[in-house]
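These notes are about the structure you will find just below.
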Amino acid sequence: MTKRFVSSLMDASTLLCQRQTLVEGLRDLAQMTARSLKAQRCSVMLVDEGNDETGPSLRVYSHWGDLPAAAYQHPAPLDQGIAGYVLRTRQPLLIEDIRRSEFSGIARQDPDASPCLLAAPIQIASEVIGVINLSGPLNRISFSARDLQLLEVFSLVVGQAIHVFQLQKLAESHLLQMAEILRQREAITRNGVHPISPDPGRLTKMVAKNFYRELSAAGFGPNDIISVASEVLAQLNENISKHRTRRERERSRSEPQGTAD
């Protein structure tokens with residue numbers, strides 16, 4: 001592993017957190033990966049949970065190089081294509097010539113594209129969240145086994161960078177700052193001060209809108225956002241239930257007890 005490649009890995013680990021959106025950061029990482037491994041094209045695909053009708057799929061989030069626009073318009077089902085195979089097996093893959101390989105029947109590729117490609121799973125902890133693809137080796141016929149090993153290392157860094165990016169965006173969230181303000185205001189309200197907002201309905205819409213925007217910018221899909229919202233509702237119901245139980249307990253204690261005959 002060359003010093004130049006190690007330097008690229010160090011840059012990749014921090015590059016994503018310097019961008020405002022996940023798409024922007026992944027585009028820069030795709031460019032860095034392609035240049036480090038001397039490839040014409042690099043694409044980053046992440047799992048999209050989809051909905052009840054479509055189901056989960058692999059969707060191109062960003063790329064560098066000449067990639068057809070159709071690649072963004074047609075997500076790949078997890079049980080189809082080369083990227084789906086890499087996702088399911090959790091193993092990196094080197095294909096010297098797709099047309100003469102066992103994957104010739106399932107390849108979703110532009111006919112004019114290079115027949116040689118590399119693909120590696122992107123992981124966060126034990127979960128595979130996507131696939132990074134390289135194609136079109138520069139100044140050579142095909143990629144090598146060493147290129148595959150380097151891509152596998154790079155994919156680990158990409159996974160960690162995505163994870164750190166999401167945590168950072170949540171930490172920077174105005175919602176968390178607002179939660180602290182509300183917590184402090186709640187303590188004051190109990191002493192007789194008026195609520196923080198004279199228009200609770202407007203405040204609710206503002207919080208909901210920012211909630212959606214910030215989670216989307218951090219790379220969370222629709223189903224992930226629904227899961228977070230469901231968890232919020234579950235905690236709210238739990239708190240309401242505890243509050244109701246506590247009030248009933250206090251009421252029963254304050255009621256006069258009957259005297260024995």
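The values are calculated or read from the model by the stated rules, or taken from the named source; none is laboratory data. Computed from a predicted model, the values in this text were never measured in an experiment. Counting neighbours? That spans all protein chains shown, and the Cβs are built from the backbone with ideal geometry, glycine included.
General observations
- Residue satisfying all of: in the stretch 59-73; of a type in the set (A, V, I, L, M, F, W, C) and at pLDDT 90 or above; surrounded by the fewest Cβ atoms within 10 Å (Cβ to Cβ) among these: Trp64
- Residue match in the stretch 120-128 (condition: in contact with a His (Cβ under 6 Å, 6 or more places away or on another chain) and surrounded by 13 or more Cβ atoms within 10 Å (Cβ to Cβ)): yes
- If you filter the stretch 94-134 down to residues that are at pLDDT below 85 and of a type in the set (S, T, N, Q), you find that the one that is nearest to Thr33 (Cα to Cα) is Ser114.
- Yes/no for Ile162 being under 21 Å from Glu24 (Cβ atoms) and part of a strand (DSSP E or B): no
- Failed item in (1) at pLDDT below 90; (2) surrounded by 13 or more Cβ atoms within 10 Å (Cβ to Cβ); (3) more than 23 Å from Val23 (Cβ to Cβ), with Tyr85 passing the rest: (1)
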